[in-house]
1. From Ala288, Ala276, Ala282, Ala303, which residue is buried (at least 22 other Cβ atoms within 10 Å of the Cβ), more than 19 Å from Phe80 (Cα to Cα) and in contact (Cβ under 8 Å) with a residue 12 or more places away in the chain?
2. Which one of these does Gly357 not meet: (1) modelled with pLDDT under 90; (2) part of a strand (DSSP E or B)?
3. Considering each residue of segment 297-318, count those that are modelled with pLDDT under 95 and either at positive phi or in a strand (DSSP E or B) (or both), and give that number.
4. State yes or no: is Leu267 surrounded by 20 or more Cβ atoms within 10 Å (Cβ to Cβ), out of contact with any Ser or Thr (no Cβ under 9 Å at 6 or more places or on another chain) and farther than 23 Å from Lys150 by Cα?
5. Select from segment 242-300 the residues that are touching an Asp or Glu at 6+ places or on another chain (Cβ under 8 Å) and of a type in the set (Lys, Arg) and list them in ascending order.
6. Those residues that are part of a helix (DSSP H, G or I), touching a helix residue (DSSP H, G or I) at 6+ places or on another chain (Cβ under 9 Å) and aliphatic (A, V, I, L, M), I need them from segment 60-78; list them, please.
7. Arg263: under 20 Å from Glu81 (Cα atoms) and out of contact with any Phe, Trp or Tyr (no Cβ under 7 Å at 6 or more places or on another chain), yes or no?
8. Only one residue in Ser199, Ser213 is touching a helix residue (DSSP H, G or I) at 6+ places or on another chain (Cβ under 9 Å), in a strand (DSSP E or B), free of Cβ contacts under 8 Å to residues at least 40 places away in the same chain and of a type in the set (S, T, N, Q). Which one?
Amino acid sequence: MRPQSEAELAEMVAGASGPLVLRGGGTRAVGAVEGEVLETGGLSGVVLYEPAALTLVVRAGTPLAEVEAILAAERQRLGFEVPDMRAVLAREGVSTIGGVVAANASGPRRVQVGACRDALLGVRFVTGRGEVVKNGGRVMKNVTGYDLVKLMAGSHGVLGALSEVSLKVQALPEAEATLVIEGLDDAAGLAALRAALGSPFDVSGVARVAGRSLIRVEGMAGSVAYRKGRLRARVAGDVTVAEAGASAALWRAVRDLEALAGRAGDLWRLSVLPTAAAEVAATLGGTAVWDCGGGVIWLLLPAGQAAEVRAVVAGRGQAVLVRGEGASPFAPEAAEVAALSAGLKAAFDPRGILNRGMI
């Protein structure tokens with residue numbers, strides 16, 4: 001099924017006699033869900049773009065590449081730096097903006113500007129009853145009631161099928177530079193990232209990959225030069241600086257997990273306290289890419305270690321199996337959280353037909 005309008009989408013959901021698999025481009029969904037495929041790619045196009053107001057309203061099936069091209073023409077971007085997961089997940093297809101929101105897909109700049117959900121101003125979606133719901137708008141404001149905008153980001157389609165999203169965007173910076181630090185072990189390299197995060201120099205990326213620690217600053221050219229110099233004076237190890245396009249290439253590789261692409265094994269996304277990152281990774285082994293100062297660990301491990309991974313992470317954060325078989329992508333929720341999740345699911349999808357089994 002491939003609806004061409006929100007009304008068709010609502011009609012198809014309302015008339016469904018069994019489970020539905022919501023699919024944008026199929027490039028980033030986790031887990032295996034069975035049912036009739038409902039593709040949102042027919043819901044495409046820009047509804048409203050106001051560059052001066054840094055606001056974009058777009059239908060959920062619009063390709064991400066199209067959104068990025070429209071913004072680039074006005075020297076703007078999505079601040080949360082969307083990862084391209086196709087290579088590391090061995091998938092093809094065209095990522096859609098609705099899929100980005102449904103997965104709350106966010107990259108290294110999250111440490112500065114927040115995740116996708118923090119840029120989300122409003123949503124329109126169809127519930128499991130086939131009802132159209134609108135929440136939020138084109139500007140940020142405080143309202144009473146449920147914050148469905150934040151709720152839908154990262155819900156993986158289990159509460160509703162997105163039909164339209166409103167996003168705040170940001171201007172492209174005048175300059176960027178990345179400090180590349182070598183000669184430090186993982187513990188010291190991650191400590192350098194945490195120190196940069198705790199500094200007053202407004203870093204926009206702090207990652208560690210292949211034995212190198214990366215610290216990025218962006219903004220006006222004079223400000224970047226000043227902050228780059230101050231940070232360089234504070235760090236140990238062998239330091240070089242990548243500017244402009246060379247810096248951007250480093251962060252595309254971090255964002256898209258190029259170091260882990262094409263390699264066998266299970267891929268985990270661990271969210272932990274940055275101070276625990278080195279110990280967690282050392283305990284589990286494997287190959288790691290650390291993002292967000294160590295708060296996010298992308299870890300490649302041999303298959304079949306779900307129990308060990310979740311035991312090590314328990315009490316320290318969350319472990320999601322992004323690529324692999326034989327285990328649920330998400331760990332069982334605590335009883336109180338599970339009760340909240342079940343209540344929300346019952347309210348928005350009482351028949352349990354949307355992406356059944358995803359969460």
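1. Result: Ala288 is the single residue among Ala288, Ala276, Ala282, Ala303 that is buried (at least 22 other Cβ atoms within 10 Å of the Cβ), more than 19 Å from Phe80 (Cα to Cα) and in contact (Cβ under 8 Å) with a residue 12 or more places away in the chain.
2. Of the numbered conditions (1) modelled with pLDDT under 90; (2) part of a strand (DSSP E or B), the odd one out for Gly357 is (2).
3. Number of matching residues: 4.
4. yes
5. Result: Arg252, Arg255.
6. Scanning segment 60-78 gives Leu64, Val67, Leu71.
7. no
8. Among Ser199, Ser213, only Ser213 is touching a helix residue (DSSP H, G or I) at 6+ places or on another chain (Cβ under 9 Å), in a strand (DSSP E or B), free of Cβ contacts under 8 Å to residues at least 40 places away in the same chain and of a type in the set (S, T, N, Q).
The values are calculated or read from the model by the stated rules, or taken from the named source; none is laboratory data. Since we're looking at a predicted model, the values are computed, not measured. Please note: Cβ atoms are built from the backbone with ideal geometry, for glycine as well, and neighbour counts cover all protein chains shown.
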